[in-house]
Amino acid sequence: MGTQYMMQAGLASGMSATEGIYGAHPKSVDPNLSDPAHMLPENVVPNSRSRIAVRGYGGKDVLIPYLSIGTWAWGDKATFGYDPTVDLPQIHAAWEKLKSVGLTFVDTAQSYGNGESERICGTLFKGMPRDAFIVQTKWFSGGLSNTLMQSRGPKSRLKESLKRLGLDYVDIYLVHGPIHGSSIATVAEGLAECVEEGMTRAVGVANYSTQEMIKMDEELAKSNVPLAVSQCEYSVIRRVPEVSGMIRECKKRGICFQGFASLGEGRLTGKYSRFNEPRSTRRFSSYPMHMLEPTINVLKSIAEERRVSVSAVALNYSIDKGVVPLAGVRNPEQAEEDMQALGWRLSKDEVRRIEEVSFEGNTSALLQHG
């Protein structure tokens, strides 16, 4: 069936935080649980060439931009209906635009398109100096074979990823989710081996709860390997990692927090409405569009005032909150819209207006613990 279809089936059955038994109306955020409007220092105004230091092995930091390019749609037919004839030239054109401004940090995964996303990334990297791009991929941690392999699972799968990418190492290697049958301690051993053998410069986790993240941090420390990244779904319409204290805990421990589905799988771009819903397969932040109209209207208003795209406002919000957002890009137009998120900052009043129409979101027992 392939991992892309396994993942879509899992999301449909309750791995996503909006699928399953939840209240009919999304929950607003309690202002008392909110982080300050500007978790990123107010004097920092990142542009496309600005970099954040992410903790690497042996004290060698990995420098990443304030915005990552999400590549789930690259090669994925189950969720995004990928068509290589139409989509691949558009992806290459978008990459040229992103390269021109220095936004060359891509987030991919072994499960995206059954590995096709990694292969596409490999074609983009050809001819580029190795220090001209940052690539982050994820270990598909589900399945019986990973459990049977125990700590050897991450290394075995990373070898396959490197072959698809055409690289000797990746910059960051994440556990895709807390769905591994092995203990966190066992997985930490496997991640440490990948780092020690030079297959990755840094490691992290995705979809872990705060306590699971802390446990992984502690287990990796036994091998003198830092936990570099924690990644969860985060956006204006899913602020769980903020209100639960995860982002504050990451800041305290020197862990880079990344937010995927930063645009709600297109819902926060201004593209969709109650008369034009996204595909039903896009299950992250999958609230009906009529529920999101107040949120979209505020984002659109600020976008018009700022003369930027609606996407740029939603992404800038995440950056203000101390989050490195992931934005999916499939064509040059989307690249252009997302690039507009950098070089300026939302005011505290604009953040307040957005937060008045934001949602807390949910967790799920299967995948999205954080």
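Based on what the data block shows, is THR71 of a type in the set (Val, Ile, Thr), over 23 Å from TYR173 (Cα atoms) and touching a residue at least 60 places away in the same chain (Cβ under 8 Å)? Can you show your working first?
Values: of a type in the set (Val, Ile, Thr): yes; over 23 Å from TYR173 (Cα atoms): no; touching a residue at least 60 places away in the same chain (Cβ under 8 Å): yes.
Against the criterion (of a type in the set (Val, Ile, Thr), over 23 Å from TYR173 (Cα atoms) and touching a residue at least 60 places away in the same chain (Cβ under 8 Å)), THR71 does not qualify.
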Q | GLY198, sole failed condition from (1) at pLDDT 95 or above; (2) surrounded by 21 or more Cβ atoms within 10 Å (Cβ to Cβ); (3) outside any helix (DSSP H, G or I) | A | (2)
Q: Taking LYS271 as the residue in question, decide whether it is among the basic types (Lys, Arg), on the phi < 0 side of the Ramachandran plot, free of Cβ contacts under 8 Å to residues at least 12 places away in the same chain and surrounded by fewer than 18 Cβ atoms within 10 Å (Cβ to Cβ).
A: yes
Q. Within the bounds of segment 216-229, is there any residue that is farther than 22 Å from ALA53 by Cα, among the hydrophobic types (A, V, I, L, M, F, W, C) and under 19 Å from the mean Cα position of the chain (by Cα)?
A. no
Q: Run GLN4 past the list (1) in contact with a Gly (Cβ under 8 Å, 6 or more places away or on another chain); (2) part of a loop (DSSP other than H, G, I, E, B); (3) crowded, with 22+ Cβ neighbours inside 10 Å and report the number of the one that doesn't hold.
A: (2)
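Just a yes or no: is a residue in segment 342-350 under 28 Å from GLN90 (Cα atoms) and either buried (at least 19 other Cβ atoms within 10 Å of the Cβ) or under 19 Å from the mean Cα position of the chain (by Cα) (or both)? If you could, list the steps in order and put the result at the bottom.
Looking only at segment 342-350, we keep the residues that are under 28 Å from GLN90 (Cα atoms), and these are 342-344.
Filter once more, so that each one left must be either buried (at least 19 other Cβ atoms within 10 Å of the Cβ) or under 19 Å from the mean Cα position of the chain (by Cα) (or both): 342.
Yes - at least one qualifying residue is present in segment 342-350.
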Q: List every residue pair whose Cβ atoms sit under 7 Å apart, with the two residues 6 or more apart in sequence or on different chains, where the first one lies in segment 169-185 and is under 14 Å from GLN150 (Cβ atoms) and the second, anywhere, is of a type in the set (Asp, Glu).
A: ILE184/GLU212; ILE184/GLU219; ALA185/GLU219
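Scanning for something buried (at least 21 other Cβ atoms within 10 Å of the Cβ) and modelled with pLDDT under 95, does segment 82-90 turn up at least one residue? Can you show your working first?
Kept after step one, since they are buried (at least 21 other Cβ atoms within 10 Å of the Cβ), are these residues of segment 82-90: 82.
Add one more test, that the residue is modelled with pLDDT under 95, and what stays is none.
No, that holds for no residue.
When you scan segment 157-183, how many residues do you find that are in a helix (DSSP H, G or I) and either closer than 21 Å to GLY56 by Cα or out of contact with any helix residue (DSSP H, G or I) (no Cβ under 8 Å at 6 or more places or on another chain) (or both)? Quick ask: steps written out before the conclusion?
Kept after step one, since they are in a helix (DSSP H, G or I), are these residues of segment 157-183: 157-165.
Subsequent filtering for residues that are either closer than 21 Å to GLY56 by Cα or out of contact with any helix residue (DSSP H, G or I) (no Cβ under 8 Å at 6 or more places or on another chain) (or both) retains 157-159, 161-163, 165.
The number of residues fulfilling the criteria is 7.
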Q: Just one of (1) free of Cβ contacts under 8 Å to residues at least 40 places away in the same chain; (2) within 17 Å of ALA327 (Cα to Cα); (3) more than 21 Å from the chain's Cα centre (by Cα) trips up ALA93, so point out which.
A: (1)
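Return the residue satisfying two criteria in turn: it lies in segment 43-96 and is outside any loop (DSSP other than H, G, I, E, B) and aromatic (Phe, Trp, Tyr), and of such residues it is nearest to GLU333 (Cα to Cα).
The initial filter retains those residues of segment 43-96 that are outside any loop (DSSP other than H, G, I, E, B), namely 52-54, 57-59, 62-64, 68-70, 84-96.
Narrowing further to those that are aromatic (Phe, Trp, Tyr): 57, 95.
Details: TYR57: 37, TRP95: 11 Å.
Filtering segment 43-96 for residues that are outside any loop (DSSP other than H, G, I, E, B) and aromatic (Phe, Trp, Tyr), the one nearest to GLU333 (Cα to Cα) comes out as TRP95.
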**Q.** Residue count for segment 210-231, restricted to those that are surrounded by fewer than 20 Cβ atoms within 10 Å (Cβ to Cβ) and part of a loop (DSSP other than H, G, I, E, B)
**A.** 3
Q) Within segment 245-268, which residues are surrounded by fewer than 22 Cβ atoms within 10 Å (Cβ to Cβ) and either on the phi > 0 side of the Ramachandran plot or in a loop (DSSP other than H, G, I, E, B) (or both)? A) GLY245, GLY254, GLY266
Q: Provide a single number: the residues in segment 97-141 that are in a loop (DSSP other than H, G, I, E, B) and crowded, with 22+ Cβ neighbours inside 10 Å.
A: 6
Q) Out of (1) more than 16 Å from the chain's Cα centre (by Cα); (2) part of a helix (DSSP H, G or I), the odd one out for SER311 is which? A) (1)
Q. Just wondering, is there one or more residues in segment 50-60 that are in contact with a Cys (Cβ under 7 Å, 6 or more places away or on another chain) and in contact (Cβ under 8 Å) with a residue 40 or more places away in the chain?
A. yes
Q. Of the residues GLY14, GLY59, GLY23, which single one is at positive phi and at pLDDT below 95?
A. GLY14
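Please go through segment 37-49 and give me each residue that is over 13 Å from VAL323 (Cα atoms) and buried (at least 16 other Cβ atoms within 10 Å of the Cβ), ordered by number. Quick ask: steps written out before the conclusion?
Start the filter on segment 37-49 by keeping residues that are over 13 Å from VAL323 (Cα atoms), which leaves 42-45, 47-49.
Result: SER48, single match.
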(Q) Could you check segment 1-11 and list, in sequence order, the residues that are of a type in the set (A, V, I, L, M) and modelled with pLDDT of 70 or more? (A) MET6, MET7, ALA9, LEU11
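The values are calculated or read from the model by the stated rules, or taken from the named source; none is laboratory data. Predicted model, so just to flag it, every value in this text is computed and none were measured. A quick note on method: Cβ atoms are made from the backbone with ideal geometry, for glycine too, and the neighbour counts reach across all protein chains shown.
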